[in-house]
Amino acid sequence: MDPRIHNLARTLAHYCLDAQEREVFAINSSPAALPLVEALQEELLRVGAWPFIRVQPEGGTETLCRVGKDHQLDELSPLEKALPRYLAGVASIYSSSNTRSLSAVDPQKQARLAKAARPMKNQMLKKKWTLTLFPTDAYAQDADMSLRDFEDFIYSATYSDEDDPVAAWKDLQKRQAKLISKLEGAEQVRIIGPGTDLSFSIAGRSFINSAGTHNMPSGEVFTGPVEDSAEGVIEYDYPVVNQGREIDGIRLVFEKGKVVEATATKNQDFLLHMLDMDPGARRLGELGIGTNFRIQRFIKNILFDEKIGGTIHLALGSSYPETGAKNKSGLHWDMIKDLRKGGELWIDNKCIQKDGRFLKTWFQPA
(Lines give C-alpha, C1' and ligand atoms only; values in the text may rest on other atoms or scores of the structure.)
Protein backbone atom coordinates (compact mmCIF):
# COMPACT_ATOMS: atom_id res chain seq x y z
CA MET A 1 0.00 0.00 0.00
CA ASP A 2 1.14 3.53 -0.77
CA PRO A 3 2.80 4.81 2.45
CA ARG A 4 1.12 8.18 1.90
CA ILE A 5 -2.24 6.48 2.56
CA HIS A 6 -0.98 5.36 5.97
CA ASN A 7 0.28 8.89 6.65
CA LEU A 8 -3.15 10.31 5.81
CA ALA A 9 -4.89 7.72 8.01
CA ARG A 10 -2.61 8.60 10.94
CA THR A 11 -3.32 12.29 10.47
CA LEU A 12 -7.08 11.65 10.41
CA ALA A 13 -7.07 9.44 13.50
CA HIS A 14 -4.61 11.28 15.73
CA TYR A 15 -4.69 14.92 14.59
CA CYS A 16 -8.15 15.46 13.09
CA LEU A 17 -10.23 13.17 15.32
CA ASP A 18 -7.90 12.97 18.33
CA ALA A 19 -9.28 9.46 18.82
CA GLN A 20 -9.31 8.08 22.36
CA GLU A 21 -9.86 4.64 23.84
CA ARG A 22 -13.49 3.40 23.88
CA GLU A 23 -14.77 6.18 21.61
CA VAL A 24 -16.98 5.22 18.65
CA PHE A 25 -16.25 6.72 15.24
CA ALA A 26 -18.24 6.28 12.05
CA ILE A 27 -16.26 6.00 8.82
CA ASN A 28 -18.42 6.98 5.84
CA SER A 29 -17.21 6.20 2.33
CA SER A 30 -17.87 4.36 -0.90
CA PRO A 31 -16.15 1.12 -1.96
CA ALA A 32 -13.54 3.07 -3.95
CA ALA A 33 -11.87 4.28 -0.73
CA LEU A 34 -11.37 0.89 0.91
CA PRO A 35 -7.55 1.23 1.14
CA LEU A 36 -7.92 4.40 3.24
CA VAL A 37 -10.88 2.95 5.19
CA GLU A 38 -8.79 -0.07 6.16
CA ALA A 39 -5.80 2.08 7.14
CA LEU A 40 -8.01 4.37 9.25
CA GLN A 41 -9.74 1.38 10.84
CA GLU A 42 -6.33 0.05 11.89
CA GLU A 43 -5.30 3.39 13.41
CA LEU A 44 -8.55 3.67 15.38
CA LEU A 45 -8.21 0.11 16.65
CA ARG A 46 -4.64 0.76 17.76
CA VAL A 47 -5.81 3.51 20.14
CA GLY A 48 -8.64 1.34 21.45
CA ALA A 49 -11.51 3.13 19.67
CA TRP A 50 -14.41 1.38 17.94
CA PRO A 51 -14.67 2.01 14.17
CA PHE A 52 -18.22 1.87 12.75
CA ILE A 53 -17.73 1.41 9.01
CA ARG A 54 -20.47 2.60 6.67
CA VAL A 55 -19.54 1.90 3.04
CA GLN A 56 -22.42 3.12 0.88
CA PRO A 57 -23.06 2.11 -2.76
CA GLU A 58 -22.09 4.76 -5.29
CA GLY A 59 -25.62 5.19 -6.65
CA GLY A 60 -27.45 5.20 -3.32
CA THR A 61 -28.52 8.86 -3.36
CA GLU A 62 -29.62 8.69 -7.01
CA THR A 63 -31.76 5.64 -6.21
CA LEU A 64 -33.31 7.35 -3.19
CA CYS A 65 -34.25 10.40 -5.27
CA ARG A 66 -35.63 8.23 -8.07
CA VAL A 67 -37.83 5.80 -6.10
CA GLY A 68 -37.99 7.24 -2.57
CA LYS A 69 -41.35 8.17 -1.02
CA ASP A 70 -42.08 11.54 0.52
CA HIS A 71 -41.24 10.50 4.09
CA GLN A 72 -37.93 9.03 2.92
CA LEU A 73 -36.99 12.33 1.28
CA ASP A 74 -38.20 14.60 4.06
CA GLU A 75 -37.12 12.60 7.14
CA LEU A 76 -34.10 10.65 8.29
CA SER A 77 -34.69 7.10 9.43
CA PRO A 78 -35.02 6.52 13.21
CA LEU A 79 -31.66 4.74 13.17
CA GLU A 80 -29.97 7.66 11.42
CA LYS A 81 -31.46 10.11 13.92
CA ALA A 82 -30.15 8.02 16.84
CA LEU A 83 -26.53 7.80 15.64
CA PRO A 84 -25.29 11.09 17.14
CA ARG A 85 -26.21 9.78 20.58
CA TYR A 86 -23.58 7.05 20.33
CA LEU A 87 -20.87 8.53 18.13
CA ALA A 88 -17.87 10.47 19.39
CA GLY A 89 -17.27 11.58 15.84
CA VAL A 90 -17.23 10.76 12.16
CA ALA A 91 -14.72 10.56 9.33
CA SER A 92 -16.25 11.10 5.89
CA ILE A 93 -14.19 10.10 2.87
CA TYR A 94 -15.23 11.41 -0.54
CA SER A 95 -14.46 8.69 -3.06
CA SER A 96 -16.81 9.00 -6.02
CA SER A 97 -16.33 6.94 -9.16
CA ASN A 98 -18.80 9.20 -11.02
CA THR A 99 -18.95 12.84 -9.94
CA ARG A 100 -21.93 13.46 -12.26
CA SER A 101 -24.12 10.63 -10.97
CA LEU A 102 -26.73 13.10 -9.64
CA SER A 103 -26.80 15.39 -12.67
CA ALA A 104 -30.24 14.17 -13.80
CA VAL A 105 -31.86 14.10 -10.35
CA ASP A 106 -34.70 16.53 -9.60
CA PRO A 107 -33.04 19.49 -7.79
CA GLN A 108 -36.12 19.95 -5.58
CA LYS A 109 -35.64 16.42 -4.25
CA GLN A 110 -31.97 17.14 -3.60
CA ALA A 111 -32.95 20.28 -1.69
CA ARG A 112 -35.43 18.25 0.40
CA LEU A 113 -32.75 15.70 1.29
CA ALA A 114 -30.35 18.46 2.30
CA LYS A 115 -32.99 20.09 4.49
CA ALA A 116 -33.85 16.79 6.20
CA ALA A 117 -30.20 16.04 6.93
CA ARG A 118 -29.37 19.47 8.35
CA PRO A 119 -30.46 18.84 12.01
CA MET A 120 -28.29 15.73 12.30
CA LYS A 121 -25.38 17.45 10.57
CA ASN A 122 -25.65 20.28 13.08
CA GLN A 123 -25.45 17.75 15.91
CA MET A 124 -22.38 16.11 14.40
CA LEU A 125 -20.64 19.47 13.96
CA LYS A 126 -20.59 19.67 17.76
CA LYS A 127 -18.65 16.40 17.92
CA LYS A 128 -15.32 15.31 16.47
CA TRP A 129 -15.45 15.20 12.70
CA THR A 130 -13.20 15.17 9.69
CA LEU A 131 -13.68 15.16 5.94
CA THR A 132 -11.20 14.12 3.28
CA LEU A 133 -10.96 12.75 -0.24
CA PHE A 134 -9.52 9.55 -1.66
CA PRO A 135 -8.17 9.92 -5.22
CA THR A 136 -10.23 8.19 -7.92
CA ASP A 137 -10.25 8.26 -11.71
CA ALA A 138 -13.41 10.40 -11.66
CA TYR A 139 -11.83 13.15 -9.56
CA ALA A 140 -8.66 13.00 -11.68
CA GLN A 141 -10.72 13.43 -14.86
CA ASP A 142 -12.53 16.45 -13.38
CA ALA A 143 -9.13 17.95 -12.60
CA ASP A 144 -7.77 17.18 -16.10
CA MET A 145 -5.02 15.07 -14.55
CA SER A 146 -3.81 11.52 -14.74
CA LEU A 147 -4.60 9.41 -11.68
CA ARG A 148 -0.92 9.29 -10.71
CA ASP A 149 -0.54 13.08 -10.94
CA PHE A 150 -3.80 13.53 -9.05
CA GLU A 151 -2.59 11.24 -6.26
CA ASP A 152 0.57 13.35 -5.99
CA PHE A 153 -1.59 16.49 -5.83
CA ILE A 154 -3.85 15.07 -3.08
CA TYR A 155 -1.03 13.78 -0.90
CA SER A 156 0.90 17.03 -1.26
CA ALA A 157 -2.14 19.16 -0.34
CA THR A 158 -2.71 17.03 2.80
CA TYR A 159 1.03 16.98 3.69
CA SER A 160 0.86 13.18 3.48
CA ASP A 161 4.10 13.22 1.49
CA GLU A 162 5.90 14.67 4.54
CA ASP A 163 7.77 12.58 7.11
CA ASP A 164 5.71 14.29 9.83
CA PRO A 165 2.42 15.62 8.39
CA VAL A 166 1.07 16.64 11.79
CA ALA A 167 4.06 18.92 12.41
CA ALA A 168 3.42 20.61 9.07
CA TRP A 169 -0.23 21.23 9.97
CA LYS A 170 0.73 22.62 13.36
CA ASP A 171 3.15 25.03 11.68
CA LEU A 172 0.37 26.27 9.38
CA GLN A 173 -1.87 26.69 12.42
CA LYS A 174 0.72 28.99 14.04
CA ARG A 175 1.10 31.13 10.91
CA GLN A 176 -2.67 31.44 10.53
CA ALA A 177 -2.97 32.43 14.20
CA LYS A 178 -0.72 35.42 13.47
CA LEU A 179 -2.97 36.40 10.55
CA ILE A 180 -6.06 36.17 12.75
CA SER A 181 -4.42 38.35 15.41
CA LYS A 182 -4.14 41.10 12.78
CA LEU A 183 -7.78 40.62 11.71
CA GLU A 184 -9.21 40.85 15.24
CA GLY A 185 -11.53 43.83 15.63
CA ALA A 186 -11.87 44.38 11.87
CA GLU A 187 -15.20 45.80 10.78
CA GLN A 188 -15.38 46.15 7.00
CA VAL A 189 -14.42 43.90 4.08
CA ARG A 190 -14.24 44.91 0.44
CA ILE A 191 -13.55 42.52 -2.43
CA ILE A 192 -12.54 44.04 -5.76
CA GLY A 193 -11.82 42.30 -9.05
CA PRO A 194 -13.06 41.82 -12.60
CA GLY A 195 -16.86 42.21 -12.49
CA THR A 196 -16.71 42.49 -8.71
CA ASP A 197 -17.07 45.20 -6.10
CA LEU A 198 -18.64 43.78 -2.96
CA SER A 199 -18.56 45.15 0.59
CA PHE A 200 -19.92 43.81 3.87
CA SER A 201 -19.44 44.10 7.61
CA ILE A 202 -17.71 41.62 9.92
CA ALA A 203 -18.06 43.84 12.99
CA GLY A 204 -18.21 41.78 16.17
CA ARG A 205 -17.40 38.56 14.35
CA SER A 206 -14.53 36.17 15.11
CA PHE A 207 -12.15 34.44 12.68
CA ILE A 208 -11.62 30.69 12.97
CA ASN A 209 -8.24 29.04 12.39
CA SER A 210 -8.88 26.08 10.07
CA ALA A 211 -5.63 24.11 9.90
CA GLY A 212 -6.70 20.57 9.11
CA THR A 213 -8.37 19.49 12.34
CA HIS A 214 -11.65 19.07 10.44
CA ASN A 215 -11.32 19.49 6.67
CA MET A 216 -8.33 17.57 5.35
CA PRO A 217 -6.78 19.33 3.60
CA SER A 218 -7.44 22.77 5.01
CA GLY A 219 -5.61 26.06 5.01
CA GLU A 220 -8.02 28.93 5.55
CA VAL A 221 -9.24 31.41 8.10
CA PHE A 222 -12.96 32.16 8.05
CA THR A 223 -15.66 34.23 9.68
CA GLY A 224 -19.33 35.12 9.19
CA PRO A 225 -20.48 38.36 7.54
CA VAL A 226 -23.13 40.48 9.27
CA GLU A 227 -26.31 39.14 7.75
CA ASP A 228 -27.88 42.33 6.37
CA SER A 229 -24.67 44.13 5.35
CA ALA A 230 -23.61 42.85 1.91
CA GLU A 231 -23.87 45.43 -0.86
CA GLY A 232 -22.62 45.19 -4.42
CA VAL A 233 -21.88 42.59 -7.05
CA ILE A 234 -19.58 39.59 -7.40
CA GLU A 235 -18.71 37.45 -10.39
CA TYR A 236 -17.15 34.08 -9.60
CA ASP A 237 -14.20 32.78 -11.59
CA TYR A 238 -14.80 29.06 -11.26
CA PRO A 239 -17.84 26.81 -11.62
CA VAL A 240 -19.53 25.43 -8.54
CA VAL A 241 -19.94 21.65 -8.60
CA ASN A 242 -22.80 20.70 -6.31
CA GLN A 243 -24.81 17.49 -6.08
CA GLY A 244 -23.62 16.28 -9.46
CA ARG A 245 -24.27 19.55 -11.28
CA GLU A 246 -21.83 22.15 -12.55
CA ILE A 247 -23.03 25.75 -12.26
CA ASP A 248 -20.83 28.17 -14.16
CA GLY A 249 -20.66 31.91 -14.79
CA ILE A 250 -22.30 32.80 -11.48
CA ARG A 251 -23.05 36.48 -10.89
CA LEU A 252 -24.77 37.67 -7.70
CA VAL A 253 -26.08 41.13 -6.78
CA PHE A 254 -26.60 41.92 -3.09
CA GLU A 255 -28.75 44.58 -1.45
CA LYS A 256 -29.07 44.86 2.33
CA GLY A 257 -27.39 41.47 2.68
CA LYS A 258 -29.70 39.57 0.35
CA VAL A 259 -29.17 38.20 -3.16
CA VAL A 260 -31.64 40.18 -5.29
CA GLU A 261 -30.30 39.05 -8.65
CA ALA A 262 -28.65 35.73 -9.52
CA THR A 263 -27.58 34.56 -12.95
CA ALA A 264 -25.40 31.76 -14.33
CA THR A 265 -24.29 30.81 -17.80
CA LYS A 266 -24.82 27.12 -17.01
CA ASN A 267 -27.51 25.49 -14.84
CA GLN A 268 -29.09 28.78 -13.75
CA ASP A 269 -32.35 27.01 -12.89
CA PHE A 270 -30.56 24.82 -10.36
CA LEU A 271 -28.88 27.89 -8.85
CA LEU A 272 -32.27 29.57 -8.39
CA HIS A 273 -33.84 26.42 -6.92
CA MET A 274 -31.13 26.27 -4.28
CA LEU A 275 -31.42 29.97 -3.46
CA ASP A 276 -35.16 29.52 -2.91
CA MET A 277 -34.63 26.63 -0.47
CA ASP A 278 -35.39 28.88 2.53
CA PRO A 279 -35.04 32.56 3.53
CA GLY A 280 -31.44 32.17 4.72
CA ALA A 281 -30.20 30.71 1.44
CA ARG A 282 -29.92 34.18 -0.16
CA ARG A 283 -27.65 35.60 2.56
CA LEU A 284 -23.94 35.16 3.18
CA GLY A 285 -22.92 32.67 5.84
CA GLU A 286 -19.14 32.66 5.47
CA LEU A 287 -16.09 34.55 4.27
CA GLY A 288 -13.05 32.30 3.90
CA ILE A 289 -9.49 33.33 3.01
CA GLY A 290 -7.43 30.54 1.39
CA THR A 291 -3.89 30.02 2.73
CA ASN A 292 -2.83 26.59 1.38
CA PHE A 293 -0.26 27.59 -1.21
CA ARG A 294 0.39 23.93 -2.01
CA ILE A 295 -2.96 24.09 -3.79
CA GLN A 296 -2.56 26.28 -6.85
CA ARG A 297 -4.93 24.76 -9.38
CA PHE A 298 -8.70 24.41 -9.55
CA ILE A 299 -9.87 20.78 -9.56
CA LYS A 300 -13.67 21.18 -9.36
CA ASN A 301 -13.79 19.97 -5.76
CA ILE A 302 -14.64 22.53 -3.11
CA LEU A 303 -12.75 20.70 -0.34
CA PHE A 304 -9.54 21.69 -2.13
CA ASP A 305 -10.57 24.64 -4.28
CA GLU A 306 -11.69 26.88 -1.40
CA LYS A 307 -8.24 26.50 0.20
CA ILE A 308 -6.29 27.71 -2.87
CA GLY A 309 -3.68 30.20 -1.68
CA GLY A 310 -4.57 33.56 -3.18
CA THR A 311 -8.36 33.11 -3.28
CA ILE A 312 -11.32 33.93 -1.10
CA HIS A 313 -14.65 32.14 -0.94
CA LEU A 314 -18.09 33.27 0.15
CA ALA A 315 -20.75 30.78 1.21
CA LEU A 316 -24.44 31.35 0.72
CA GLY A 317 -26.63 29.94 3.47
CA SER A 318 -25.90 28.67 6.95
CA SER A 319 -23.16 30.28 8.99
CA TYR A 320 -20.92 28.89 11.71
CA PRO A 321 -22.19 30.01 15.14
CA GLU A 322 -18.67 29.97 16.59
CA THR A 323 -17.89 33.02 14.43
CA GLY A 324 -20.76 34.94 16.03
CA ALA A 325 -22.80 34.75 12.82
CA LYS A 326 -26.51 33.98 12.95
CA ASN A 327 -27.71 33.00 9.48
CA LYS A 328 -29.68 29.73 9.34
CA SER A 329 -30.39 27.71 6.22
CA GLY A 330 -30.43 24.19 4.83
CA LEU A 331 -27.89 25.48 2.30
CA HIS A 332 -24.17 26.10 2.71
CA TRP A 333 -22.74 26.72 -0.73
CA ASP A 334 -19.16 27.91 -1.16
CA MET A 335 -18.23 29.97 -4.22
CA ILE A 336 -14.65 30.98 -5.07
CA LYS A 337 -13.26 34.32 -6.16
CA ASP A 338 -9.70 34.11 -7.53
CA LEU A 339 -7.78 37.19 -6.41
CA ARG A 340 -4.72 36.08 -8.39
CA LYS A 341 -6.34 37.54 -11.50
CA GLY A 342 -6.32 41.25 -10.74
CA GLY A 343 -8.19 41.01 -7.43
CA GLU A 344 -7.79 42.81 -4.14
CA LEU A 345 -8.89 42.11 -0.58
CA TRP A 346 -9.39 45.15 1.65
CA ILE A 347 -9.90 45.16 5.42
CA ASP A 348 -10.93 48.47 7.01
CA ASN A 349 -9.65 50.50 4.05
CA LYS A 350 -6.31 48.65 3.97
CA CYS A 351 -5.36 46.38 1.07
CA ILE A 352 -4.02 43.17 2.63
CA GLN A 353 -3.85 41.09 -0.54
CA LYS A 354 -3.28 42.03 -4.18
CA ASP A 355 -3.12 39.63 -7.14
CA GLY A 356 -3.35 36.74 -4.68
CA ARG A 357 -0.29 37.80 -2.68
CA PHE A 358 -0.50 38.83 0.96
CA LEU A 359 1.39 41.84 2.16
CA LYS A 360 4.31 40.28 4.03
CA THR A 361 3.25 41.80 7.33
CA TRP A 362 -0.04 39.87 7.16
CA PHE A 363 0.82 36.27 6.26
CA GLN A 364 3.90 34.28 5.23
CA PRO A 365 3.37 31.18 3.06
CA ALA A 366 5.58 28.21 3.98
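The values are calculated or read from the model by the stated rules, or taken from the named source; none is laboratory data. Keep in mind the model is a prediction, meaning the values are calculated, not measured. Cβ: placed from backbone, ideal geometry, glycine included. Neighbour counts: every protein chain shown.
Scanning region 256-275 for residues that are charged (D, E, K, R) and either within 16 Å of I191 (Cβ to Cβ) or touching a helix residue (DSSP H, G or I) at 6+ places or on another chain (Cβ under 8 Å) (or both) gives K258, D269. Among the candidates D137, D164, D142, the residue that is within 19 Å of V37 (Cα to Cα) and either surrounded by fewer than 17 Cβ atoms within 10 Å (Cβ to Cβ) or touching a strand residue (DSSP E or B) at 6+ places or on another chain (Cβ under 9 Å) (or both) is uniquely D137.
All told, P57 falls short of being out of contact with any strand residue (DSSP E or B) (no Cβ under 9 Å at 6 or more places or on another chain) and at pLDDT 95 or above.
Could you grab me the full set of residues in region 177-193 that are assigned to a helix (DSSP H, G or I) and among the charged types (D, E, K, R)?
Within region 177-193, the first condition is being assigned to a helix (DSSP H, G or I), and the residues that meet it are 177-183.
K178, K182 - these are the residues of region 177-193 that are assigned to a helix (DSSP H, G or I) and among the charged types (D, E, K, R).
Looking at region 1-115, the helices (runs of 4 or more DSSP H) lying wholly inside it that each contain 3 or more residues that are within 27 Å of R245 (Cβ to Cβ) sit at 60-67, 70-74.
Confirm whether R245 is crowded, with 17+ Cβ neighbours inside 10 Å and assigned by TED's automatic domain parsing to the domain that holds T196. Outline the logic, then answer.
Details: crowded, with 17+ Cβ neighbours inside 10 Å: yes; assigned by TED's automatic domain parsing to the domain that holds T196: yes.
Against the criterion (crowded, with 17+ Cβ neighbours inside 10 Å and assigned by TED's automatic domain parsing to the domain that holds T196), R245 qualifies.
One line per residue, one yes/no per condition, for (1) in contact with a Pro (Cβ under 8 Å, 6 or more places away or on another chain); (2) surrounded by fewer than 22 Cβ atoms within 10 Å (Cβ to Cβ); (3) within 24 Å of Q141 (Cα to Cα):
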{"residue": "T263", "(1), (2), (3)": "no, yes, no"}
{"residue": "L287", "(1), (2), (3)": "yes, no, no"}
{"residue": "I302", "(1), (2), (3)": "no, yes, yes"}
{"residue": "D305", "(1), (2), (3)": "no, no, yes"}
{"residue": "I308", "(1), (2), (3)": "no, no, yes"}
{"residue": "T311", "(1), (2), (3)": "no, no, yes"}
{"residue": "P321", "(1), (2), (3)": "no, yes, no"}
{"residue": "E344", "(1), (2), (3)": "no, yes, no"}
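With the structure loaded, tell me whether G330 is touching a Ser or Thr at 6+ places or on another chain (Cβ under 8 Å), at pLDDT 95 or above and either at negative phi or of a type in the set (D, E, K, R) (or both) or whether it fails that test. So G330 does not fit the description; no. Residues in region 158-197 that are under 30 Å from I5 (Cβ atoms), in contact (Cβ under 8 Å) with a residue 60 or more places away in the chain and not hydrophobic (A, V, I, L, M, F, W, C): T158, Y159, S160, D161, E162, P165, D171, R175, Q176.
One line per residue, one yes/no per condition, for (1) in contact with a Lys or Arg (Cβ under 6 Å, 6 or more places away or on another chain); (2) modelled with pLDDT of 95 or more:
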site	(1), (2)
A264	no, yes
R282	yes, yes
T311	no, yes
Y320	no, no
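Only residues that are within 21 Å of I208 (Cα to Cα), in a helix (DSSP H, G or I) and of a type in the set (V, I, T): list them for region 139-176, please. Listed by number, the list holds a single entry, V166.
Go through R205, R251 for me and flag whichever is of a type in the set (K, R), under 30 Å from T158 (Cβ atoms) and more than 18 Å from the chain's Cα centre (by Cα). Answer to the selection: R205. With respect to (1) closer than 24 Å to G204 by Cβ; (2) in contact with a Lys or Arg (Cβ under 9 Å, 6 or more places away or on another chain), the lone exception for E286 is condition (2). Considering region 38-71, the residues that are surrounded by 15 or more Cβ atoms within 10 Å (Cβ to Cβ) and among the polar types (S, T, N, Q) include one that is nearest to A111 (Cα to Cα), namely T61.
Quickly run through region 310-333 and pick out the residues that are closer than 20 Å to I234 by Cβ and assigned to a loop (DSSP other than H, G, I, E, B). Residues satisfying the conditions are G310, S318, S319, A325, N327, S329, L331.
Within region 79-116, how many residues turn out to be modelled with pLDDT of 90 or more and surrounded by fewer than 14 Cβ atoms within 10 Å (Cβ to Cβ)? Result for region 79-116: 6.
Here T291 meets each of (1) crowded, with 16+ Cβ neighbours inside 10 Å; (2) over 29 Å from I93 (Cα atoms) with one exception, condition (2).
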